[in-house]
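The values are calculated or read from the model by the stated rules, or taken from the named source; none is laboratory data. The structure displayed is predicted, hence computed values, not measured ones. When we count neighbours, we look across all protein chains shown, and the Cβ atoms used for this are built from the backbone with ideal geometry, even at glycine. Surface areas here come from the heavy atoms of the whole protein model, side chains and all, with no ligands, DNA or RNA. Shrake-Rupley method; radii C 1.70, N 1.55, O 1.52, S 1.80 Å.
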Amino acid sequence: MNALTDADYVDVKLTAAEVLLASHVGCMRNVQSLKKATDRVEPEPRKYWQSNIIGAIGECVIAKYFNIYWSGAVGDWRAKDVGDFEVKTNEQIYKKNVLMVKKGNSPDRKYFLVAGNAFNYRIFGWVDGYDIMSEARWGDPFNNTLSCYHMDATELNAIRDFNLNSGQED
């Protein structure tokens, strides 16, 4: 597989209504987490709200791109993010974008990486859970004490190579 470049990524523009809806879903998820008093540990607790909102927006981006229903599930941590897929979202497009998956996530799912802000987002690509969840990919991608499975955006499968009907590579 060749390294992906900007030409392989897909840009998606959300409307104000889509961002507002996804933001509300993120807020509801955060309130439920607080109510349930989860033992989730964030490096900075104030970013907990932000991570829930950004995550929901990334799910909205994938649903819009594939034109599939997004439930915006709240309260069911086992629910898939969009359709049969998981979405990991960064709050902006960095020079180095990394898909990060925590232990406990299912290797049976496909993972997509989205990044952006305001109304403009980029889908970097996708990977099969089994391909990212190997001991060789476990570690701290940014040297900030956050260990996870990780893969650079340039190593992902191109979005154009994803067949929505089969959930497999073309």
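Below are the figures for this structure:
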| item | result |
| --- | --- |
| Per residue accessible area in Å² of the chain, where ligands, DNA and RNA are left out and the probe is 1.4 Å | 57 Å² |
| Mean Cβ neighbour count within 10 Å, used as a protection proxy, ranking 83-96, 54-67 highest first | 54-67, 83-96 |
| For the chain, Kirkwood radius (reciprocal of mean inverse C-alpha pair distance, Å) | 16.3 Å |
| Whole-percent carbon and sulfur share, accessible surface of the chain, 1.4 Å | 51 percent |
